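Chemist: Attaching a single structure in structure tokens format; questions to follow.
The values are calculated or read from the model by the stated rules, or taken from the named source; none is laboratory data. Please read these numbers as outputs of a predicted model, since none were measured by experiment. Glycine gets a Cβ as well: all are built from the backbone with ideal geometry, and neighbour counts include every protein chain shown. Protein only, heavy atoms only, side chains kept; ligands, DNA and RNA dropped before computing areas. Shrake-Rupley method; radii C 1.70, N 1.55, O 1.52, S 1.80 Å.
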Amino acid sequence: MGFNKKYQYSLYRPGPFKRFFLFRVIRFLLIALLFYEILTVYIISTVIVQSSSMLPGIQREDRLLIVKPLYSQYLFDKFIKIPGLSNPKRGDIVIYRQNFINNYPWYLKPVNSVVRFFTLQKKNLKTNHSYNDSISVKRIIGLPGDIVKIKNNVVQIKPSGGERFLTEFELTGNRYNINISSLPENWNSDENPFNSDTEETAVKDGYYFIIGDNRELFPDSRSSGLVSSELIKGKAVLRYWPFERINVF
Amino acid sequence: MSFRADPRSLYIHIPFCVKKCRYCDFYSFFSSDDSFIRNILSETLNQIRIYKAQYCKSNFKTLYIGGGTPTSLKTADLGFFIEKILEICDSVPEEFTIEINPETVDNNLISLLAELPVNRLSIGIQSFNSNMLEVIGRNCSPRANFNALEMLKALDNKNLSLDLISSIPGQIVSEAIDDVKKALRFAPDHISLYYLTLEKKTPLYDKYSDTDQDENCWVEAADYLYESGYNHYEISNFAKSGKESLHNMNYWRMESYLGCGMSAVSTVYDENKCGSRLTASSVPENFLAGPDKQWGTKVEKLSSYDLLVETLMMGFRTSEGVDLEKNNDYFNLDIRELLLPVIEGWKNKGYISDDNKNLALSRSGRFFHNSFMIDILRYLEKVKYNFT
Ligand code: SF4
């Protein structure tokens, strides 16, 4: 009996060399994964724009470089806050998660990281009923302390401490164009129950008023309200693809 | 929450279409009047708000925007409408389906879908064959079907469901199978394969009621799907495992559900196990009269007997069958024992699957769902089944 047991044991146990090799592979993968996580979650990442909501400036399929440490980041599901190098500024193009997007359950998050790692960020874990990883790219218009109102598609902002309302262009120095030409006729007339004009909205601390340059598309702060800084994942600094339209934002 | 007490599914009807298909007997029409369309939508939101407060104790598990053609709305209208629905619902449902017609798929729609928490896209392909599309009067070409599917397939994290129609007058078996093969190229999570019914009062009926429909088209296409690894989980529906439509399962289980919008139907139940089927008006003025006139809603009362018959009729459509535990308890009777004289015969032919929990027709049995139900109804009439 005793002999058999011992015999089986040594038969099925991997030899020291194999064990060592396996250990090294696993260690290497873990370190690579950790490195990748830190790099993409905290330092830098890229996005492929999924929506035309930033037309005319940014098109679908454009690729953007996102810098993370400029803004505060929240690691491990908001447990750890790492302060940002600066605060989001008016006119910044940011990536953020819509606040109705469900996250993966905690136990699937690491699995998804592995999937993304091995597919070069091309694929996410597909679960039956998830809406995760739908990232929006839009522009910050209102900062904490501001009052924002929209009338007839003109965005007006009274900055915190300011005396009067100014348009978004006056405040940002005409750095971008917006698209309102394709909005349906009468969209912002008073008879339209779907009026996206916004009453005076005070931007709370820790929140931002974000809208897309293409005012025809939703969702953004006009329809779903202010965006918490926890949902803002980084600042778009550069379009690196397509090559002929490379530019720094 | 006890069975049937709380509606967990919401259907929202968008009654507008770009052009009427020849076979269609759904309630839909064309309108180019934007403000009329928006008034209907905003009254629909009003109805959702009031119905939810009136009937629901918990949040919706499934949402389904159907039609008509929801995607025929202007992008801004559709986006705003969906956002308002989510605001009223106050939560993101587990399954959120929108029906899409291929000819309405463009960059704007894709953009909207990419950012909104819609996770199931039900695409009305019907056929990839231009002659067949012509016969049923679909406002779409095979090319447009392919293009739309390619664009939708590229979206991350959406379950795709394709609608196909089979046994179109003049269709031959190889054409029906060819449609299925083309659909499978996109590896959809779900396929609904319908047998074309020529509804009276449709132009298709007037034109083709004398032309033969080859039933084998549907049968062979269904077999092909089944053999390709799709669960044939309801007479006309096929899904990869785990991708069955939760919303439709709710209908087939005869759970309560709400329907909002013109001509939409809700079914709710009271403590006496009787149901009410509420159908909102399909006359715009009546619908727009709003809550004061109850949106012109017609109410049909369902007795417990009606409810039992429907539970059987719907349940036997699915591979899951009739949930005996829940329904015995609900109706306070033993359904298996009640139906024993009928199911014995069908069981001997191998058409019944019966574990202790569910009573169902087997896959081959479901091909005879109609005759089976006729047997059951005759029997119930004969024994004059009486509820206590
Ligand atoms: S698109 Fe659908 S609802 Fe509209 S006419 Fe065609 S079949 Fe009917």
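Chemist: Tell me, what ³J(HN,Hα) does each residue in region B:209-222 have, in order and in whole Hz, if you take phi through Karplus 6.51 cos²θ - 1.76 cosθ + 1.60 with θ = phi - 60° and put x for Gly and Pro?
Modeler: Taking θ as phi minus 60°, the curve returns 5, 8, 7, 6, 10, 8, 4, 4, 3, 5, 4, 5, 5, 4 Hz for region B:209-222.
Chemist: Moving to a separate point now. Given the C-alpha atoms of the protein assembly as shown, compute the convex hull and give its volume per residue in Å³.
Modeler: 228 Å³
Chemist: Over 31 Å between Cα atoms: which of B:Lys153/B:Lys326; B:Lys61/B:Lys301; B:Lys201/B:Lys301; B:Lys201/B:Lys349; B:Lys20/B:Lys158; B:Lys201/B:Lys357 fall into that group?
Modeler: Numbers: B:Lys153/B:Lys326 38 Å; B:Lys61/B:Lys301 26 Å; B:Lys201/B:Lys301 27 Å; B:Lys201/B:Lys349 38 Å; B:Lys20/B:Lys158 28 Å; B:Lys201/B:Lys357 42 Å.
Pairs exceeding the cut-off: B:Lys153/B:Lys326; B:Lys201/B:Lys349; B:Lys201/B:Lys357.
Chemist: Got a sec to turn the phi values of region A:168-185 into Karplus ³J(HN,Hα) couplings, 6.51 cos²θ - 1.76 cosθ + 1.60 with θ = phi - 60°, whole Hz, x for Gly and Pro?
Modeler: 4, 6, 4, 7, 9, x, 6, 7, 8, 10, 10, 10, 10, 5, 8, 4, x, 4
Chemist: So how exposed is B:Cys274, as accessible area in Å² (1.4 Å probe, rounded to 10)?
Modeler: Its accessible surface works out to 40 Å², give or take rounding.
Chemist: Tally up the carbon and sulfur contribution to the accessible surface of the protein assembly as shown as a whole percent, 1.4 Å probe, everything protein left in place. Numbers along the way, then the final one.
Modeler: Details: 16150 of 30260 Å².
Its accessible area is 53 percent carbon and sulfur atoms.
Chemist: In debye, nearest 20, what is the charge dipole magnitude of region B:305-386 about its Cα centre with +1 on Lys and Arg Cβ and -1 on Asp and Glu Cβ, if you could check?
Modeler: Details: 11 positive and 13 negative charges, 74 e Å.
Dipole size: approximately 360 debye.
Chemist: Can you return the aspartates and glutamates within cross-link range of A:Lys81? Criterion is Cα-Cα under 12 Å, with same-chain partners fewer than 8 residues away left out.
Modeler: A:Glu230
Chemist: Quick one: compute the contact order of region B:305-386, relative version, from alpha carbon pairs under 8 angstrom and 6+ residues apart, as a percent.
Modeler: Numbers: 77 pairs, mean separation 27.0, N = 82.
RCO, region B:305-386: 33 percent.
Chemist: To the nearest 0.05, what FRET efficiency results for B:Lys347 and A:Leu30 with a Förster distance of 45 Å applied to their C-beta separation? Show your work: numbers first, answer last.
Modeler: Values: r = 57 Å, r/R0 = 1.26.
So, using R0 = 45 Å, E works out to roughly 0.20.
Chemist: Moving on. Return, in residue-number order, each cysteine of the protein assembly as shown whose C-beta is not under 4.7 Å from any other cysteine's C-beta.
Modeler: Those would be B:Cys17, B:Cys56, B:Cys89, B:Cys140, B:Cys217, B:Cys260, B:Cys274, since no other cysteine Cβ in the protein assembly as shown comes under 4.7 Å of theirs.
Chemist: So which aspartates and glutamates can B:Lys57 reach, going by Cα to Cα under 20 Å and dropping same-chain residues fewer than 8 places off?
Modeler: B:Asp6, B:Glu87, B:Asp90, B:Glu94, B:Glu95, B:Glu255, B:Asp270, B:Glu271
Chemist: Tell me, what is the FRET efficiency for B:Lys207 and B:Lys384 to the nearest 0.05, using R0 = 35 angstrom and their Cβ-Cβ distance as r?
Modeler: 0.20
Chemist: What nm value, rounded to one decimal, do you get for the distance between B:Ser141 and B:Glu310 when each label is placed 7 Å out toward the C-beta?
Modeler: 4.4 nm
Chemist: Moving on to the next point. Starting from the amide H of B:Gly67, placed 1.01 Å from N in the peptide plane, find each other amide H under 5 Å away whose residue is 5 or more places distant or on another chain.
Modeler: HN-HN under 5 Å from B:Gly67: B:Ile14.
Chemist: Taking a probe of 1.4 Å, how large is the accessible area per residue of region B:1-45, in Å²? Intermediate values should be presented prior to the final figure.
Modeler: Details: 1860 Å² over 45 residues.
Here the per-residue accessible area is 41 Å².
Chemist: Using a 1.4 Å probe and ignoring any ligands, DNA or RNA, find the accessible area of A:Trp187 and quote it in Å² to the nearest 10.
Modeler: 10 Å²
Chemist: Can you pull the mean other chain C-beta count within 10 Å for peptide A:175-188? Mind showing how you got there, number by number?
Modeler: Numbers: counts 0, 0, 0, 0, 0, 0, 0, 4, 3, 9, 3, 3, 6, 0.
Counting other chains' Cβ atoms within 10 Å and averaging over A:175-188 gives 2.
Chemist: With +1 on each Lys and Arg Cβ and -1 on each Asp and Glu Cβ, how big is the dipole of chain B about its Cα centre, in debye rounded to the nearest 20?
Modeler: On the way: 42 positive and 53 negative charges, 68 e Å.
My answer is approximately 320 debye.
Chemist: Just the number, please: buried accessible area between A and B, total of both chains, 1.4 angstrom probe, nearest 100 square angstrom.
Modeler: Approximately 3200 Å² gets buried when A meets B.
Chemist: Using a simple spin-label model with points 7 Å from Cα along the Cα→Cβ vector, what separation in nm is obtained for A:Val115 and B:Ala154?
Modeler: Using points 7 Å along Cα→Cβ, the separation is 2.1 nm.
Chemist: Considering only C-alpha atoms, what is the centroid distance from region B:346-388 to region B:205-265, in Å?
Modeler: About 20 Å separates the Cα centre of region B:346-388 from the one of region B:205-265.
Chemist: Kirkwood Rh over alpha-carbon pairs of region B:136-175, then Stokes-Einstein at 37 °C and 0.692 mPa s: what D in µm² s⁻¹, rounded to an integer?
Modeler: Details: Rh = 12.4 Å.
Roughly 266 µm²/s, to the nearest whole number.
Chemist: On average, how much accessible surface per residue is there in region B:183-249, in Å², for a 1.4 Å probe, leaving out ligands, DNA and RNA? Intermediate results must be reported in sequence, preceding the final value.
Modeler: Values: 3250 Å² over 67 residues.
Here the per-residue accessible area is 48 Å².
Chemist: I've got another one for you. Under 21 Å between alpha carbons, and skipping anything fewer than 8 positions from A:Lys158 in its own chain: which lysines qualify?
Modeler: A:Lys89, A:Lys138, A:Lys149, A:Lys204
Chemist: What number, rounded to the nearest 500 deg cm²/dmol, is the helix-based mean residue ellipticity at 222 nm of the protein assembly as shown, given -39500 (n - 2.57) per DSSP H run of at least four residues and division by all its residues? Working shown, then result.
Modeler: Numbers: 20 runs with 211 residues, N = 637.
Result for the protein assembly as shown, helices only: -10000 deg cm²/dmol.
Chemist: In region B:9-251, if every C-alpha pair distance is counted and binned at 10 Å from zero, what percent goes to each bin?
Modeler: 7, 31, 36, 21, 5, 0
Chemist: Based on the alpha-carbon set only, what is the convex hull volume of region B:305-386 divided per residue, in Å³?
Modeler: Working: hull volume 6.7 nm³, N = 82.
Normalising the Cα hull of region B:305-386 by residue number yields 81 Å³.
Chemist: Could I ask something else about it? What share of the DSSP beta bridges in the protein assembly as shown is antiparallel, in percent to the nearest 5?
Modeler: Numbers: 61 of 92 bridges.
Given both bridge residues lie in the protein assembly as shown, the antiparallel proportion sits at roughly 65 percent.
Chemist: Taking θ as phi - 60°, what are the ³J(HN,Hα) couplings along region B:72-79 by the Karplus curve (6.51, -1.76, 1.60), each to the nearest whole Hz, with x for Gly and Pro?
Modeler: Computed from phi, the couplings for region B:72-79 are 7, 5, 4, 3, 4, 4, 5, x Hz.
Chemist: Is the C-alpha gyration tensor of region B:258-365 telling us rounded, prolate or oblate? Criteria: a/c under 1.5 is rounded; beyond that, a/b larger than b/c is prolate, otherwise oblate.
Modeler: Values: a/c = 3.68, a/b = 2.38, b/c = 1.55.
Verdict is prolate for region B:258-365.
Chemist: So which residues in region A:199-222 end up with at least 30 square angstrom less accessible surface once the other protein chains are there, compared with the chain by itself, probe 1.4 angstrom?
Modeler: Going by heavy-atom accessible area, the residues of region A:199-222 that drop by at least 30 Å² are A:Glu216, A:Leu217, A:Phe218, A:Pro219.
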